[in-house]
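This report concerns only the one structure given below.
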């Protein structure tokens, strides 16, 4: 689970970008939402 107290800002940004890249490799961009990103990183 990604929490601000457990991870640095840089770690959270990297985790987010990695999850978005993985999502976009499998799904079209119009299916991406902030809620989905938040759910993916926990």
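The values are calculated or read from the model by the stated rules, or taken from the named source; none is laboratory data. If you're wondering where the values come from, they're calculated on a predicted model, not measured in any experiment. Neighbour counts run over all protein chains shown; Cβ positions are idealised from the backbone, glycine included.
Within region 1-13, residues that are more than 13 Å from residue 42 (Cα to Cα) have Cβ atoms under 9 Å from residues that are at pLDDT below 80 and part of a loop (DSSP other than H, G, I, E, B) in these pairs: 11/2, counting only partners at least 6 apart in sequence or on another chain. Search region 1-21 for residues being surrounded by 14 or more Cβ atoms within 10 Å (Cβ to Cβ) and outside any helix (DSSP H, G or I), and hand back the single one that is modelled with the lowest pLDDT. Out of the qualifying residues, it is 2.
Taking residues in region 22-42 that are modelled with pLDDT of 95 or more, and partners anywhere that are not in a helix (DSSP H, G or I), the pairs with Cβ atoms closer than 8 Å and at least 6 places apart or on different chains are 23/32; 24/32. Within region 25-42, the set of residues being within 11 Å of the chain's Cα centre (by Cα) and assigned to a helix (DSSP H, G or I) comprises 34, 35, 36, 37, 38, 39, 40, 41.
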